[in-house]
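A.B. asks: Sharing a structure, written as structure tokens. Questions coming.
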Amino acid sequence: MDYRIPPGTEAVEKLEDFIAVNRLTANTRIPSERDLCEMWGISRSTLRQAVDILVGWGVLYRVRGSGVFVSVPKISRNMVGVDSMIGELRQQGRVLAKKIVSSRIIEATKQISKKLQIPLGQKVYEYIRIRSVDYTPALLETTYIDCQRYPDFDKRYTENTPMGDLFKNIYHKKQSSGKEHISVTYASENEAHLLEVTPDSPLFFTSGVVKDEQDIPITYYKQLIRSDLFKFVSEIDKSRSEE
Amino acid sequence: MDEKNALAEKNDTHDMKLDYRMPIYLQLREIVRAKIEDGEYLPGTAIPSENKLAETFGINRLTVRNAVDALVNEGILRRVQGKGVFVVGNKYEEVLEEHGGFINNFSPGQKHVSIKEHTKQLRPAGNKYANYFNIGLHDLIFYIRHFITFDDETVSSEEIYVPKEILPELEIINSSVFTLKDIFSFYGIELSSMSQTLEIINGIPKTRKSLDVPDGVALLMLSCYYRDKTGRLLAYSRSFIRSDKSTFSIQLHS
């Protein structure tokens, strides 16, 4: 029997392989349509469709009048542990900054009281912060913390103190586990403005509760994350976790 | 009284008052979202009519419509012509990682989920997969395509690539009944690590059409690499998922 790869699929895979094998880095222009067609003996329209697919997947991007380029790889939001993202991005040598957009004390709504396991109407701190990566706003985060369990948190917390350090050093609570939900939402005008994207751009919407070692909630948070900058990665290694 | 104050006053449950200078329709969006999360608006039931909401909060109908539209786009509400706007319950939740366990991309046991094997064929590895699997260009690999439906609606399509030499039995196995992880364990192939990547993409018109993705709704792409303990790639899969039909959850540890 004669096994074949459909020509359209083959062109996509050749192109992907070409980028990988030649280690084409971000913003590198790929060879011209003519050269690639000649090299692989395929038609212009087949190649164009292959490029369309990889543009649709975010692997390549087109610049009118100058060609097709390799996209900047997205930053991995590695889902390994609580608050792992910041440390990991630092290790990658990225410049991180955060800015408090608003901070105030509010009464816990039904949702907040349920998530933090506190009575309805109990006072909570609400922080809305914007985080930037390499000087680009990337993440808009709203965090709720129980005022009773964490008295004077607002007097101690500044933009320059990681919240995790405060919980650990002052309140002796270690962030130990959490469950995060991930879905997709679209930037409102205000969110778009803060994140410097166009309104209605798709964003990751994540929410979760971080708990301490006694399984008591420490924070309830919601994040809007730019999808052009980030991807979520989950690595599970059985051999490592069994050790 | 302006619209903003009227809304704040009417919203005496303090639900989600995210007012970092938020427009009215967004505040209403968050109020409706909170009422759904709180169980005040139950899955499968209609929320109050746009007229009623406009009246309750003392705001313009167009503003109400914007708020409702935003939640329809997120897949939390569904507009049914002539019937109203309904709360969508129980989104197809994909578990990215379970405590100590492997990933469940789709749980066939879950209610209303069905997986259809659309294509299963052998093909030569070709450049890309010869490099992925470290096999010859002409070595054969299985190419399997699934469509996954939830409540009779297509939510995702999945493409799976497995070298024939790793699992020749795949030819006669119905891949839509068991997960790849299960199938590997049936045949004594030890799956040792798995890595998944989830990103938001535009996709191409053909993919969007095959999943009936409405305009303005984003597509999710989930890639998955299955490896044995020597690090050899056993299988690779790629799914395109409607973002308005799925949510993901993941367990985090310290």
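The values are calculated or read from the model by the stated rules, or taken from the named source; none is laboratory data. Not measured: the values here are computed from a predicted model. Every residue, glycine among them, receives a Cβ derived from its backbone with ideal geometry; neighbour counts consider all protein chains shown. Surface areas here come from the heavy atoms of the whole protein model, side chains and all, with no ligands, DNA or RNA. Shrake-Rupley method; radii C 1.70, N 1.55, O 1.52, S 1.80 Å.
A.B. asks: So B:Ala125 ticks every box in (1) modelled with pLDDT under 55; (2) out of contact with any helix residue (DSSP H, G or I) (no Cβ under 6 Å at 6 or more places or on another chain) but one. Which box is left unticked?
C.D. replies: Looking at each condition in turn, B:Ala125 falls short on (1).
A.B. asks: Restricting segment B:42-80 to residues that are within 21 Å of B:Phe150 (Cα to Cα) and without any contact (Cβ under 8 Å) to a residue 12 or more places away in the chain, which is surrounded by the most Cβ atoms within 10 Å (Cβ to Cβ)?
C.D. replies: Among residues in segment B:42-80 that are within 21 Å of B:Phe150 (Cα to Cα) and without any contact (Cβ under 8 Å) to a residue 12 or more places away in the chain, the one surrounded by the most Cβ atoms within 10 Å (Cβ to Cβ) is B:Arg78.
A.B. asks: Among (1) modelled with pLDDT of 95 or more; (2) part of a loop (DSSP other than H, G, I, E, B); (3) more than 10 Å from chain A (Cβ to nearest Cβ), where does B:His138 come up short?
C.D. replies: (3)
A.B. asks: In this structure, is A:Tyr171 among the hydroxyl-bearing types (Ser, Thr, Tyr) and at pLDDT 95 or above?
C.D. replies: Judged against the criteria, A:Tyr171 is not a match.
A.B. asks: Hey, can you tell me all the residues within segment A:1-35 that are in contact with a Lys or Arg (Cβ under 9 Å, 6 or more places away or on another chain), hydroxyl-bearing (Ser, Thr, Tyr) and open to solvent by 60 Å² or more (accessible area, probe 1.4 Å)?
C.D. replies: Once the filter is applied, which keeps residues that are in contact with a Lys or Arg (Cβ under 9 Å, 6 or more places away or on another chain), hydroxyl-bearing (Ser, Thr, Tyr) and open to solvent by 60 Å² or more (accessible area, probe 1.4 Å), segment A:1-35 yields only A:Tyr3.
A.B. asks: A follow-up question, please. All but one of (1) out of contact with any helix residue (DSSP H, G or I) (no Cβ under 9 Å at 6 or more places or on another chain); (2) open to solvent by 20 Å² or more (accessible area, probe 1.4 Å); (3) modelled with pLDDT of 85 or more hold for B:Ser114; state the number of the condition that does not hold.
C.D. replies: With (1) out of contact with any helix residue (DSSP H, G or I) (no Cβ under 9 Å at 6 or more places or on another chain); (2) open to solvent by 20 Å² or more (accessible area, probe 1.4 Å); (3) modelled with pLDDT of 85 or more applied to B:Ser114, the lone miss is (3).
A.B. asks: Of all helices (runs of 4 or more DSSP H) completely enclosed by segment A:1-116, which ones contain at least 1 residues that are touching a residue at least 60 places away in the same chain (Cβ under 8 Å) and closer than 30 Å to A:Pro162 by Cα?
C.D. replies: Per the criteria, A:84-91, A:110-116.
A.B. asks: Now a separate question. Checking the conditions here, which among A:Ile145, A:Ile105 is aliphatic (A, V, I, L, M), more than 14 Å from chain B (Cβ to nearest Cβ) and touching a Phe, Trp or Tyr at 6+ places or on another chain (Cβ under 8 Å)?
C.D. replies: Among A:Ile145, A:Ile105, only A:Ile145 is aliphatic (A, V, I, L, M), more than 14 Å from chain B (Cβ to nearest Cβ) and touching a Phe, Trp or Tyr at 6+ places or on another chain (Cβ under 8 Å).
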